[in-house]
1. Determine, from the Cβ-Cβ distance of T62 and Y276 and an R0 of 56 Å, the FRET efficiency 1/(1 + (r/R0)^6), rounded to the nearest 0.05.
2. Could you run the Debye sum over the Cα atoms of the range 1-98, one equal point scatterer each and no solvent, and tell me log10 of I(q)/I(0) at q = 0.10, 0.16 Å⁻¹, two decimals?
3. Rounded to the nearest 0.05, what FRET efficiency do D252 and E313 have when you use their Cβ-Cβ distance and R0 = 41 Å?
4. Tell me the per residue accessible area of the range 194-262 using a 1.4 Å probe; a whole number in Å² is fine.
5. Cβ under 9 Å from A51's Cβ, A51 left aside: what net charge do those residues give with Lys, Arg +1 and Asp, Glu -1?
6. Find the relative contact order for the chain and round it to a whole percent, using C-alpha pairs within less than 8 Å whose residues are 6+ positions apart.
7. Using a 1.4 Å probe on the protein chains only, how many percent of the accessible area of the chain belongs to carbon and sulfur?
8. Rounded, prolate or oblate, given the Cα gyration tensor of the range 78-214, with a/c below 1.5 counting as rounded?
Amino acid sequence: MAQVVVTDVDKIYENGFHAVKKTNFVAEDKEFVVLVGPSGCGKSTTLRMIAGLEEISKGTITIGDRVVNDVPPKDRDIAMVFQNYALYPHMTVFENMAFALKLRKYSKQEINDRVKEAAELLEIDELLDRKPKQLSGGQRQRVALGRAIVRKPKVFLFDEPLSNLDAKLRVQMRTEIIKLHKKLDTTMIYVTHDQVEAMTMADRIVVMKDGYVQQIDSPLDIYNKPVNLFVAGFVGSPAINQLTGTIVRNADGLAFNDGSITITIPPFRTEALTPYIDKPMIMGIRPEDLYDAAYDQMAEAPVTVQAQCEVVEPMGNEFIVYLATAYSRLTARFDPKRLPKIDATIDITLDMKKAHFFDPQSEMRL
């Protein structure tokens, strides 16, 4: 097993495109680290540099105790699982899983033992004589995982391995990979654009945007303590509500005013926000922290405002409600106790203990 250390890594292509910029993070031994971000943020390029499939322009990558900048991919003791499975169509499942071991001149008995062990772990031992075309998408993904497992590498690298699967299979395979990590007890680095995968699978998340690392933290801290507006907006579905307004002083202390509603700010937040009186501010609050005012017992620091109900999406276990004030749009997740009527003006409670405030210039959370 091994620690992976990425230090001040840059990737600049020949055409001058700067794909990865001063990237630093550590994947500790036996840790599951997820790189997440929108398309083009540099996450897959970073993974490919760790694998040795892309050259590093600047910086160093260390696997275990060895700097691997100039080490060929085959000598890095890593295994990579790709989005498109990359199985040989003319080979059986057994032959696909055994291929890398044969190239490394393992004995026939060792190959048989390793393939059988991996197949049993992944519950594909009954598929070893089939060709890839005879397998479902989920089964092909298991074979790709098995091919990586038989090598017993120091580090597993995953490049969006579930993106070709349907929604139900993605959930199933997500669970299987989490269980696999626990069984193998090895270092895994996983790339995805799906924030649900990142939140549910990772020990730590590396959020990237435009080639830069935005935040590195545990899933819950990423969600509850986003470092900036981008991280707050990227993680969470439905997305965090963002209201643009001004911090004002009134008879009750401080308030946030967006031009149509005034939201009282609890006393415990006034010290941090006092320097921003009469200045622009962005307030963020997640949909689950807005409540139907008739059932607001959950709010720890409740503030009630009025908004018009525009759209209701019944989900069975909850309602996703889209609300509007004169200048802002809000999304709320309500318990299915009362179905709001379209176009009705309703009272909603905001839990201001869960609200975030962002500087509109730097977009950093205060």
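The values are calculated or read from the model by the stated rules, or taken from the named source; none is laboratory data. Keep in mind that this is a model prediction, so the values were computed, not measured. Here the Cβ is made from the backbone with ideal geometry for all residues, glycine too, and neighbour counts use every protein chain on show. Side chains included, ligands, DNA and RNA excluded: accessible areas come from the protein's heavy atoms. Shrake-Rupley method; radii C 1.70, N 1.55, O 1.52, S 1.80 Å.
1. It comes to 0.85.
2. With one equal scatterer per Cα and no solvent, log10 I(q)/I(0) is -0.32, -0.75.
3. 0.75
4. Per-residue accessible area for the range 194-262 comes out at 40 Å².
5. Value of the local net charge: 0.
6. 16
7. Values: 8410 of 17570 Å².
On the chain, the fraction of accessible area on carbon and sulfur atoms equals 48 percent.
8. The shape class here is prolate.
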